[in-house]
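Q: Provided herewith is a single structure, encoded as structure tokens, for subsequent inquiry.
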Amino acid sequence: MKSAFVLVKCELGRLEEVANALMEIEGVSEVHSITGDHDLLVKLYAPSYEDFGDLIPDRVQKVPGIEHTVTMLAFRAFKPSA
């Protein structure tokens with residue numbers, strides 16, 4: 001499974017509505033409200049990087065209330081030693 005993170009800028013007053021809609025999308029595993037230039041951080045999983053080519057523009061970016069997104073593909077996850 002491949003993972004990606006999407007930073008989301010929401011229209012004013014629509015953060016909770018956008019977050020709830022994103023959580024309904026298959027492949028979205030977590031949605032966090034954050035500080036900074038963006039409002040939400042979305043963690044997604046897909047079988048391949050090519051699948052993000054459909055998932056992000058066709059599903060995530062079409063959620064009403066989203067102004068702007070920035071996508072980051074994750075190549076490796078690091079875990080603490082046991």
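The values are calculated or read from the model by the stated rules, or taken from the named source; none is laboratory data. Since this is a predicted model, take the numbers as computed values, not measurements. Cβ: placed from backbone, ideal geometry, glycine included. Neighbour counts: every protein chain shown. Ligands, DNA and RNA are stripped out before the accessible areas are found, and what is left, the full protein with its side chains, is counted by its heavy atoms. Shrake-Rupley method; radii C 1.70, N 1.55, O 1.52, S 1.80 Å.
Q: Taking H placed 1.01 Å from N in the peptide plane, check which residues at least 5 places from D39 or on another chain put their amide H under 5 Å from its amide H.
A: When sequence neighbours closer than 5 places are left aside, the close amide H contacts are V8, K9, C10.
Q: When the Karplus curve 6.51 cos²θ - 1.76 cosθ + 1.60 is applied with θ = phi - 60°, which whole-Hz ³J(HN,Hα) does each residue of the range 29-39 get, with x for Gly and Pro?
A: 9, 8, 9, 10, 7, 9, 9, x, 6, 10, 9
Q: How large, in percent, is the carbon and sulfur part of the accessible surface of the range 1-59 at a probe radius of 1.4 Å?
A: Ligands and nucleic acids excluded, carbon and sulfur reach 49 percent.
Q: To continue, here is another question. Keeping every protein chain present and rolling a 1.4 Å probe, give me the accessible area per residue for the chain in Å². Let's see the in-between values first.
A: Numbers: 5540 Å² over 82 residues.
Accessible area per residue: 68 Å².
Q: Pull up the cross-link candidates among the lysines for K79, meaning alpha carbon to alpha carbon under 18 Å and not fewer than 8 places away within one chain.
A: K2, K43
Q: Which of the GluC sites (Glu not before Pro) across the chain are loop residues per DSSP, with 12 or fewer other Cβ within 10 Å?
A: Details: sites: E11, E16, E17, E24, E26, E30, E50, E67; in loops: E11, E24, E26.
Taking the chain and a limit of 12 other Cβ atoms within 10 Å, the loop GluC sites (Glu not before Pro) found are E24, E26.
Q: Mean residue ellipticity at 222 nm from the helices of the chain, using -39,500 (n - 2.57) per DSSP H segment of n ≥ 4 over the full residue count, to the nearest 500 deg cm²/dmol?
A: On the way: 2 runs with 16 residues, N = 82.
For the chain, the value works out to -5000 deg cm²/dmol.
Q: Explain nothing, just compute: Karplus ³J(HN,Hα) = 6.51 cos²θ - 1.76 cosθ + 1.60, θ = phi - 60°, for every residue of the range 42-59 in order, whole Hz, x for Gly and Pro.
A: Along the range 42-59, the couplings run 10, 9, 10, 10, 8, x, 8, 5, 4, 5, 5, x, 9, 4, 6, x, 8, 10 Hz.
Q: Can you work out the Karplus-derived ³J(HN,Hα) for every residue in the range 67-82? Use 6.51 cos²θ - 1.76 cosθ + 1.60 with θ = phi - 60°, whole Hz, and x for glycine or proline.
A: Coupling constants for the range 67-82: 8, 7, 9, 10, 9, 10, 8, 9, 9, 8, 9, 9, 10, x, 6, 7 Hz.
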